[in-house]
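Trainee: I'd like to ask you about the structure that follows.
The values are calculated or read from the model by the stated rules, or taken from the named source; none is laboratory data. Nothing here was measured: the structure is a model prediction, and the numbers come from that model. As a convention, Cβ positions derive from the backbone with ideal geometry for all residues, glycine included, and neighbour counts pool all protein chains shown. Heavy atoms of the whole protein, side chains included, go into the accessibility calculation; ligands, DNA and RNA do not. Shrake-Rupley method; radii C 1.70, N 1.55, O 1.52, S 1.80 Å.
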Amino acid sequence: MFIVVLFLIAFGIFLKISDSSFNLWFWNRVGRKSEDAHYRGKIVWIIGASSGIGEDISIRLARFSPLLILSARRTELLETVAKKCKDVNSDCQVKILPFDMVDFENLNEKTKEADEMYKRKVDIVVLNAGRSQRAEWTDIDPSVDIDCITINAVAPTQVARSILKNRGLHPTGEKTDNLQFVIISSVAGLLPAILSPSYAAAKAALMQYFRLLAVEMGEKGVKVSIICPSHVYAPNMLKSAFTSTPGAQHGEVIDAPRKAQMMPERAAKLISLAAVNEIHECVIASTPSVLATIYFFINFPGVFARIINLVGAKRLRSIRSAHE
């Protein structure tokens, strides 16, 4: 009993002082490799770099003089981010490669172009592009499910497949390569996220795709780091979010950070450190309740379901909106 009490006290202290899961918290303190050593001179391709977390990851990594490739659909936004990267570090090389991940017909061409932009192959691929959702479970048109899963799970997976195929990498082949995929998922892929059924399913699928990639291709030198952020402040995150209706957008703009939202600069730093330490999977969250909920749900899903029923849907909606 004493050991249990001691563990619970230690766990409570950890939740109070940490904004990430234990593995990232631990390796952030004892890891031997620095961000500078990991990124300097490496070719880093950031997909979904035009705004939100992707923009802040780009600016964070620019400090360490990598050779950056920034991708998203909107060229003008990428040019703005590229300028911010140069403002942070004038020695950082930045190139822009606009493309749409769901344009599968041209995907091979784009991945080949990325591997040729600096006359050698990309070392690190950050897959950040995605689109959130706000909708009730019963109201969703099936075409919304398909579109949401395509953007958030299938498209990033196809990017990775295209890169691997272009390099002749296969689980049963002999060829190896030093390549790292950094996957920006979401705690919605770990927990039943109210108001985001399609998005939660997509993020869970995304994680399973890349968990399997790590298993099948780890011996070939392919490394995978999956990072699951909780609420991170991004003004336009919900503006283009899926709803329940085909073609509709949620439209909400968040004018100021909410109580439970992590600042994007901190999220970018934690994501960077997770990649540096080659952590297979981790969570980042600014509120202890989220971290505690994830640990509890994974280990006691039945008890968790009963507690959730007691909490009630109204409270969960408030939590989902980052007001608590």
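Trainee: For segment 1-130, what does the equivalent ellipsoid look like in terms of its semi-axes, each the square root of 5 times an eigenvalue of the Cα gyration tensor, given largest first in whole Å?
Mentor: Details: eigenvalues 257, 59, 41 Å².
Semi-axes, largest first: 36, 17, 14 Å.
Trainee: Sticking with this structure for a sec: Among 203-215, 101-113, how do they line up by average Cβ neighbours within 10 Å per residue, starting with the highest? Can you show the working numbers first?
Mentor: Numbers: 203-215: 18.7, 101-113: 15.2.
Ranked by mean Cβ neighbours within 10 Å, highest first: 203-215, 101-113.
Trainee: Please calculate how many Å² of accessible area the chain carries per residue, with a 1.4 Å probe and no DNA, RNA or ligand atoms counted. Please list the in-between numbers first.
Mentor: Numbers: 15810 Å² over 324 residues.
Using a 1.4 Å probe on heavy atoms only, each residue of the chain averages 49 Å².
Trainee: At 0.36 nm per residue, minus the direct Cα-Cα distance, what do Phe296 and Val215 gain on full extension? Give it in nm, one decimal, please.
Mentor: On the way: separation 81, 0.36 × 81 = 29.16 nm, distance 2.56 nm.
In short, 26.6 nm is gained.
Trainee: Oh, and also: Name the long-range amide H neighbours of Ile226: under 5 Å, sequence gap of 5 or more, or other chain; modelled H, no Pro or chain starts.
Mentor: Amide H to amide H, under 5 Å and 5 or more residues apart or across chains, Ile226 pairs with Ile183, Glu281, Cys282.
Trainee: Could I ask something else about it? Check cross-link reach from Lys110 to the lysines: straight Cα distance under 21 Å, and skip same-chain residues fewer than eight apart.
Mentor: By straight Cα distance, Lys110 reaches Lys42, Lys95, Lys119, Lys121, Lys165.
Trainee: Here are some pairs, Lys33/Lys83; Lys16/Lys269; Lys223/Lys259; which of them have Cα atoms lying more than 31 Å apart in this structure?
Mentor: Working: Lys33/Lys83 28 Å; Lys16/Lys269 19 Å; Lys223/Lys259 35 Å.
Exceeds cut-off: Lys223/Lys259.
Trainee: Just read off the accessible area of Val30 with the full protein assembly in place, 1.4 Å probe, to the nearest 10 Å².
Mentor: 70 Å²
Trainee: Mind jotting down a quarter of the surface of the convex hull over the alpha carbons of segment 173-218, in square nanometres, one decimal? Kindly include the intermediate steps, with their values, before the conclusion.
Mentor: Working: hull surface 14.7 nm².
Computed as one quarter of the Cα hull surface, the answer is 3.7 nm².
Trainee: Summarise the accessible area of segment 168-300 (1.4 Å probe, protein heavy atoms) by the percent that is carbon and sulfur. Before the final figure, lay out each step's value.
Mentor: Working: 3090 of 5510 Å².
Percent of accessible area from carbon and sulfur atoms in segment 168-300: 56.
Trainee: May I ask you to rank Ser230, Ser90, Ser286 by accessible area, largest first, using a 1.4 Å probe over the protein chains only? Don't jump to the answer; show the numbers that get you there.
Mentor: Details: Ser230 25, Ser90 85, Ser286 50 Å².
Ranked list, largest accessible area first: Ser90, Ser286, Ser230.
Trainee: For segment 104-118, what does the Karplus curve 6.51 cos²θ - 1.76 cosθ + 1.60, with θ = phi - 60°, yield as ³J(HN,Hα) per residue in whole Hz, taken in order and with x for Gly and Pro?
Mentor: So the J values, rounded to whole Hz, are 5, 5, 9, 5, 4, 4, 5, 5, 5, 4, 4, 6, 10, 5, 10.
Trainee: Of the accessible area of segment 1-160, with the probe set at 1.4 angstrom, what percent is carbon plus sulfur? Mind showing how you got there, number by number?
Mentor: Values: 4680 of 8270 Å².
Exposed carbon and sulfur together represent 57 percent of the surface.
Trainee: What per residue convex hull volume, in Å³, comes out for segment 109-226 when only alpha-carbon positions are used? Don't jump to the answer; show the numbers that get you there.
Mentor: Working: hull volume 11.9 nm³, N = 118.
Cα-based convex hull of segment 109-226, divided per residue, equals 101 Å³.
Trainee: In terms of modelled amide H atoms, which long-range or inter-chain residues lie less than 5 Å from the amide H of Ile43?
Mentor: Correct list: Leu67, Asp123, Ile124.
Trainee: Let me know the whole percent of all Cα-Cα pairs from the chain that are separated by more than 36 Å. Provide the component values of the computation, followed by the final result.
Mentor: On the way: 8919 of 52326 pairs.
That tail contains 17 percent of the Cα-Cα pairs.
Trainee: Taking the radius of gyration and the Kirkwood hydrodynamic radius from Cα positions alone, what is the Rg/Rh ratio for segment 127-179, to two decimal places? All intermediate terms of the calculation are to be shown ahead of the outcome.
Mentor: Numbers: Rg = 16.0 Å, Rh = 13.5 Å.
Rounded to two decimals, Rg over Rh is 1.19.
Trainee: Same structure again: With θ set to phi - 60°, apply the Karplus curve 6.51 cos²θ - 1.76 cosθ + 1.60 along segment 256-263 and write out the HN-Hα couplings as whole Hz, x wherever there is a Gly or Pro.
Mentor: The phi angles translate into 8, x, 8, 3, 8, 8, 7, 5 Hz.
Trainee: Mean separation of Cα pairs under 8 Å and 6+ residues apart, divided by the residue count of segment 147-273: what relative contact order is that in percent?
Mentor: On the way: 161 pairs, mean separation 30.6, N = 127.
That works out to 24 percent.
Trainee: A further question on this structure: Can you put Glu219, Glu278 in order of accessible area, largest first, using a 1.4 Å probe?
Mentor: Numbers: Glu219 165, Glu278 85 Å².
Putting Glu219, Glu278 in descending order of accessible area: Glu219, Glu278.
Trainee: Please list 3J(HN,Hα) in residue order for segment 173-185, calculated via the Karplus relation 6.51 cos²θ - 1.76 cosθ + 1.60 where θ = phi - 60°; whole Hz, with x for glycine and proline.
Mentor: x, 9, 6, 10, 7, 8, 9, 10, 9, 10, 9, 8, 9
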